[in-house]
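Notes for the one structure printed next.
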Ligand code: ADP
Ligand code: MG
């Protein structure tokens with residue numbers, strides 16, 4: 001019998017390698033743009049057609065290639081960046097495997113035009129599915145111009161598994177963001193079907209972040225500077241108020257490469273613990289510099305995880321460093337009873353001012369138009385309230401332990417007013433109520449102790465209110481007198497465009513000139529307040545993205561939840577007895593009082609037998 005083992009042809013090997021490196025159009029963009037960065041370009045332009053199915057073109061003004069190198073660059077393991085195995089551990093350039101171009105050329109039609117500064121004429125190479133077609137001299141500007149057409153034309157299975165254009169475009173945008181955030185000194189632009197998605201002039205890191213994510217971040221970013229012997233961390237982190245449920249503006253970079261790191265994410269989340277709503281996190285852009293010998297560079301090019309030798313030390317430094325950054329920038333509460341250092345300090349620190357409790361008493365001189373201390377919508381609430389912002393200090397330990405209100409009680413009245421909105425006034429038997437940590441209400445219930453999470457309870461009440469309103473208004477729209485431009489980031493805009501019919505079905509009338517041009521809000525559901533409508537709409541789009549693929553929630557449900565979240569006052573408000581009572585009664589009057597709309601517990605009941613166990 002003859003031997004059976006043969007070497008596979010290069011074209012097949014390349015196609016197999018492409019399966020690992022090139023998963024979708026976004027992977028092509030990443031490889032090409034990183035090559036342009038490595039080539040020293042100061043300007044990089046990306047043109048995409050049909051989310052990369054038809055064309056991915058990257059044009060740079062970098063060093064260019066010689067005639068021979070232009071051909072060579074498509075060979076497997078051809079690289080100008082790595083000569084000895086040791087280099088693998090000290091990687092400063094982006095690519096290092098010499099695999100990307102060979103892989104791309106195996107699964108697409110590729111045209112490369114390139115010229116070095118000193119060459120009078122450039123070269124034009126065409127390769128289709130690893131097959132060399134031609135190489136000719138060409139007039140071309142200094143630098144390199146790669147055009148990748150008909151991606152996966154010869155791998156139908158791959159082509160079929162590409163997702164919708166808007167999903168693929170989202171991947172492209174995400175990949176692009178990760179690169180541009182590491183090179184603010186390079187000018188970048190990204191076009192999709194000839195519409196500009198990003199035009200980013202060179203500038204500071206902060207300018208770049210704002211260029212990518214919008215002006216609204218401008219006042220939200222706090223500079224970070226953590227300098228230790230094992231890691232240096234710079235960049236920006238968001239104020240607690242900028243936190244969102246969705247995680248799409250959280251970026252770690254190590255030695256200027258993007259990395260995913262859920263462990264370090266946790267460290268940042270812990271630094272914000274109790275400053276934000278549960279599950280919410282502000283944007284952050286954190287750049288770590290470490291000795292390359294202390295990280296395990298991901299040899300797999302498509303992976304973004306990186307192992308750190310000193311991971312647990314970095315975790316602690318990061319958590320402490322961000323915490324300190326926040327406290328220096330004066331955005332943290334002055335008292336944090338729940339944090340660990342404070343655990344040994346009984347009740348309170350006398351040097352910390354404690355905000356006054358809001359008081360419900362009628363103020364005949366109150367004029368909403370001359371006071372800046374009160375919330376804007378105060379008057380419309382029909383609640384007579386008065387803040388006592390005297391900066392008084394409480395001195396009894398008892399008071400401060402019970403009421404650890406740490407923020408000014410900005411909108412606490414909303415809670416009161418909304419509850420009365422459309423619910424019958426209950427006339428309950430008053431059992432004593434007590435507020436714990438400005439977040440929970442304790443009361444006796446059914447021979448047990450009931451603890452209510454204020455925020456979640458409020459969400460449940462508002463959610464059911466909105467469900468009723470949505471049901472009785474069907475798809476009615478209230479046209480806006482002045483249509484408003486929607487300031488959405490590129491990914492949210494693409495998503496909104498994708499679900500425009502569903503948004504219309506619940507009353508949002510939006511004009512989209514194209515999937516990428518600024519959209520205009522023309523009409524809103526009639527029961528939403530106009531000044532909240534955009535916030536609700538953004539939450540709807542966010543939730544829709546979070547839950548993509550989860551068919552159990554309808555657009556109506558998402559809208560009701562988003563509207564509730566936009567309106568619910570945060571935990572951490574001091575409530576009067578009357579407010580606590582109303583909140584409790586209204587919660588118990590809902591269809592599903594035990595759970596918040598997103599399925600978390602609103603209440604805990606401790607029965608004597610539970611207590612017995614706890615005392616055991
Ligand atoms: P790697 O980046 O790992 O070296 P690639 O397959 O991505 O492997 O690229 C192969 C080689 O082609 C690079 O090492 C580089 O010499 C050359 N090259 C690729 N893109 C460019 C570019 N835009 N400008 C100049 N040279 C390039
Ligand atoms: Mg490369």
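According to the square roots a ≥ b ≥ c of the eigenvalues of the Cα gyration tensor, what is the shape class of the stretch 10-203, taking rounded for a/c under 1.5, prolate for a/b larger than b/c otherwise, and oblate for the remainder?
Rounded is the answer for the stretch 10-203, as its axis ratio a/c remains below 1.5.
Over the stretch 165-296, what per residue volume does the convex hull of the Cα atoms give, in whole Å³?
Spelled out: Cα convex hull of the stretch 165-296, divided by residues, is 127 Å³.
How do 125, 138 line up, fewest other C-beta atoms within 10 Å first?
Ascending Cβ contact count within 10 Å gives the list 138, 125.
Mind sorting 277, 317, 112 by how few other Cβ atoms lie within 10 Å of their own Cβ, fewest first?
Fewest to most other Cβ atoms nearby, the residues stand as 277, 317, 112.
Would you mind ranking 315, 153 so that the residue whose beta carbon has the fewest other beta carbons within 10 Å leads the list?
Fewest-to-most ranking of 315, 153: 153, 315.
Averaging over all projection directions, find the projected area of the Cα convex hull of the stretch 24-84 and quote it in nm² with one decimal place.
4.9
Where the convex hull is taken over the Cα atoms of the stretch 572-616, what is its projected area averaged over directions, in nm²?
It is 4.8 nm².
Laboratory data are not the source of any read-out in this text; all were calculated from the coordinates shown. Being a predicted model, the structure only gives us computed values, none of them experimental. Methodologically, a virtual Cβ is constructed for each residue, glycine included, from the backbone with ideal geometry; neighbour enumeration extends over all protein chains shown.
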